[in-house]
Amino acid sequence: AECAAAARPKPVPVPPVPTAFGELLREYRERAGLSANRLAHEAGVDPSYLVRLQSGGREPPRRHVVEALAHELRLSDLEHARLLVAAGLIPPLVERLGSWPAVLQDVAAVLADPLVDEDERAEFVRVVEFVAARVRRVFGD
């Protein structure tokens, strides 16, 4: 049993990515060059509410608020999905699937597995991105 434990690879930490809703919102807002007051006004929310969201002093908002913020921040589809997930909401593409296919579970499991080293994870991502790009080229976006 000791040999098996010694041969087992050490966990590799997953690269840090802002996952807290407020942290991600602040990152996107700052990148967009908007003040908290301006973004709040444009998205139709109270500025103090937005500041509390960014600081983690409030639970993530409902979908319509996240959608308004994403719109005003002019987020890409991927960034929009990340903001929704950080708020505990389902991204539109997953909603369109109507279920959680086993293949999504498999992809998520590989990406989240601390025993998958950084190089293997990067290679896995490259393969998935390659296949996805090929399918989009053949069938269109």
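Note on the chain: GNM, Cα springs under 10 Å; of PRO101, PRO47, PRO91, the largest mean-square fluctuation is that of PRO101.
Altogether, the Stokes-Einstein calculation at 4 °C and 1.567 mPa s, with the Kirkwood radius of region 94-141 over Cα pairs as Rh, returns a diffusion coefficient of 106 µm²/s.
Once all protein chains are placed together, ASP46 keeps about 80 Å² accessible to a 1.4 angstrom probe. Relative to the longest principal axis of the Cα atoms of the chain, helix 77-86 runs at roughly 90 degrees.
In the elastic network of the chain, a GNM with C-alpha springs shorter than 10 Å, the most mobile of GLY44, GLY98, GLY33 is GLY98.
Largest first, what is the accessible-area ranking of LEU34, LEU104, LEU69 with a 1.4 Å probe?
Ranking LEU34, LEU104, LEU69 by accessible area, largest first, yields LEU104, LEU34, LEU69.
3J(HN,Hα) along region 35-45: 6, 4, 4, 5, 4, 4, 4, 5, 8, x, 10 Hz, from the Karplus curve 6.51 cos²θ - 1.76 cosθ + 1.60 with θ = phi - 60°, whole Hz, x for Gly and Pro. Run the accessible area of region 41-141 with a 1.4 Å probe and give the carbon-and-sulfur part as a rounded percent. C and S fraction of accessible area: 57 percent. Pairwise Cα distances in the chain exceed 25 Å in 44 percent of cases.
Once the convex hull of all Cα atoms in region 56-125 is built, its volume per residue stands at 131 Å³. Between ASP77 and ARG52, the FRET efficiency from the beta-carbon distance, with R0 = 25 Å, is close to 0.35. Using a cutoff of 8 angstrom between alpha carbon atoms and counting only pairs six or more residues apart, the relative contact order for the chain works out to 27 percent.
Rolling a 1.4 Å probe over the heavy atoms of the protein chains gives the chain an accessible area of 71 Å² per residue. Counting only DSSP H runs of at least 4 residues, each contributing -39500 (n - 2.57), and dividing by the residue count of the chain, the helix-based mean residue ellipticity at 222 nm comes to -20000 deg cm²/dmol.
The values are calculated or read from the model by the stated rules, or taken from the named source; none is laboratory data. Not measured: the values here are computed from a predicted model. Methodologically, a virtual Cβ is constructed for each residue, glycine included, from the backbone with ideal geometry; neighbour enumeration extends over all protein chains shown. For accessibility, only protein heavy atoms count, side chains too; no ligands or nucleic acids. Shrake-Rupley method; radii C 1.70, N 1.55, O 1.52, S 1.80 Å.
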